[in-house]
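The structure under discussion appears below in the form of structure tokens.
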Amino acid sequence: MIDQSFDPNRLLNLGNLLMIGGVLLLLIGVCGAYLFDQRLPLGSIVASHALVILGPTALKIGYVVRLLAQRQVALAA
């Protein structure tokens, strides 16, 4: 069973951090994969392409966590 005794404000902060982290991962990935690809070794380019996938994933998860936290705040009020 899911524990419903969490703090929604803490969950909201976690969602915000995940969204910020996702945007940063995406920007780092785009820079490494498309802007500086001529200067980087192949392993770094592959990792940058992986960040282009992982960044939006973290952004979407953070958005869903924020929605969940906002719903919990609305239900508590």
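Observations on the model:
- Residues that are more than 24 Å from LEU67 (Cα to Cα) and part of a helix (DSSP H, G or I), drawn from segment 15-45: ILE28, GLY29, VAL30, CYS31, GLY32, ALA33, TYR34, LEU35, LEU42, GLY43, SER44, ILE45
- Among the residues of segment 28-55, the one identified as more than 18 Å from LEU14 (Cβ to Cβ), of a type outside the set (A, V, I, L, M, F, W, C) and touching a residue at least 24 places away in the same chain (Cβ under 8 Å) is GLY29.
Since every read-out is calculated from the coordinates, none of them should be taken as a lab result. What you see is a predicted model, and the numbers here were worked out from it, not measured in a lab. Reconstructed Cβ throughout: ideal geometry from the backbone, glycine too, with neighbour counts over all protein chains shown.
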